[in-house]
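Trainee: First the structure, then my questions, so here it is.
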Amino acid sequence: MSPKKLLLQFPPEIVDEPLVYRLAKEHNLKVNIFRANIDPDKSGYMLLDVYGDPLDIENGIALIKELKITINEKTSGLTWNKDKCNACGACVVHCPT
């Protein structure tokens, strides 16, 4: 079973939501966090792989959208542009180093 790669952008009002717990407990998903930077009272991001039944993954993504967390599922084929990099973490899973 291939994981679903997700880059999540958290708005300040939702950074304290126990999202990984809810994905695991409520939707029977396994979550592997590659990188995260979430600060209280600030926005944040989380780069993760989600494993599980396709319907459970779909329901987990619906939860994420319901919480107003932005999802970027297009994490393949990325190239690093040093001048435009804002350290979002989307490139981490594709970096050979």
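Trainee: Restricted to region 1-27, and to residues that are β-branched (Val, Ile, Thr) and out of contact with any Gly (no Cβ under 6 Å at 6 or more places or on another chain), which residue is least open to solvent (accessible area, probe 1.4 Å)?
Mentor: This residue is Ile14.
Trainee: If you don't mind, there's one more thing I want to ask. Only residues in region 9-30 that are in contact (Cβ under 8 Å) with a residue 24 or more places away in the chain count as the first member; pair them with residues that are open to solvent by less than 50 Å² (accessible area, probe 1.4 Å) and of a type in the set (Phe, Trp, Tyr), Cβ under 7 angstrom, at least 6 apart or cross-chain, and list the lot.
Mentor: Every condition considered, the pairs that remain are Gln9/Tyr45; Phe10/Tyr45.
Trainee: Still on this structure, please answer the following. Can you confirm whether region 4-12 contains a residue that is over 13 Å from the mean Cα position of the chain (by Cα) and in a helix (DSSP H, G or I)?
Mentor: Looking through region 4-12, at least one residue is over 13 Å from the mean Cα position of the chain (by Cα) and in a helix (DSSP H, G or I).
Trainee: Mind checking whether some residue in region 40-52 is modelled with pLDDT under 80 and more than 24 Å from Glu17 (Cα to Cα)?
Mentor: Checked against the condition, which is being modelled with pLDDT under 80 and more than 24 Å from Glu17 (Cα to Cα), region 40-52 yields no hits at all.
Trainee: Now a separate question. Of the conditions (1) touching a helix residue (DSSP H, G or I) at 6+ places or on another chain (Cβ under 6 Å); (2) on the phi < 0 side of the Ramachandran plot; (3) at pLDDT 85 or above; (4) not hydrophobic (A, V, I, L, M, F, W, C), Asn28 fails just one. Which one is it?
Mentor: Result: Asn28 passes all but (2).
Trainee: Filtering region 13-25 down to residues that are touching a strand residue (DSSP E or B) at 6+ places or on another chain (Cβ under 7 Å) and outside any loop (DSSP other than H, G, I, E, B), which residue is modelled with the lowest pLDDT?
Mentor: Val20
Trainee: Moving to a separate point now. For region 66-89, give me each residue that is in contact with a strand residue (DSSP E or B) (Cβ under 7 Å, 6 or more places away or on another chain) and either of a type in the set (Phe, Trp, Tyr) or at pLDDT 65 or above (or both).
Mentor: Across region 66-89, the qualifying residues are Ile69, Thr70, Ile71, Asn72, Glu73, Cys88, Gly89.
Trainee: Let me ask something additional. In region 28-71, how many residues are open to solvent by less than 60 Å² (accessible area, probe 1.4 Å) and assigned to a strand (DSSP E or B)?
Mentor: Residues that pass the stated criteria total 11.
Trainee: In region 1-35, what residues are among the hydroxyl-bearing types (Ser, Thr, Tyr) and closer than 13 Å to Gly60 by Cα? Show your work before the answer.
Mentor: Let us first name the residues in region 1-35 that are among the hydroxyl-bearing types (Ser, Thr, Tyr), namely 2, 21.
Tyr21 - this is the single residue of region 1-35 that is among the hydroxyl-bearing types (Ser, Thr, Tyr) and closer than 13 Å to Gly60 by Cα.
The values are calculated or read from the model by the stated rules, or taken from the named source; none is laboratory data. The structure displayed is predicted, hence computed values, not measured ones. Note that each Cβ is placed from the backbone with ideal geometry, even for glycine, and that neighbours are counted across all protein chains shown. All accessible areas refer to the heavy atoms of the entire protein, side chains included, with ligands and DNA or RNA removed. Shrake-Rupley method; radii C 1.70, N 1.55, O 1.52, S 1.80 Å.
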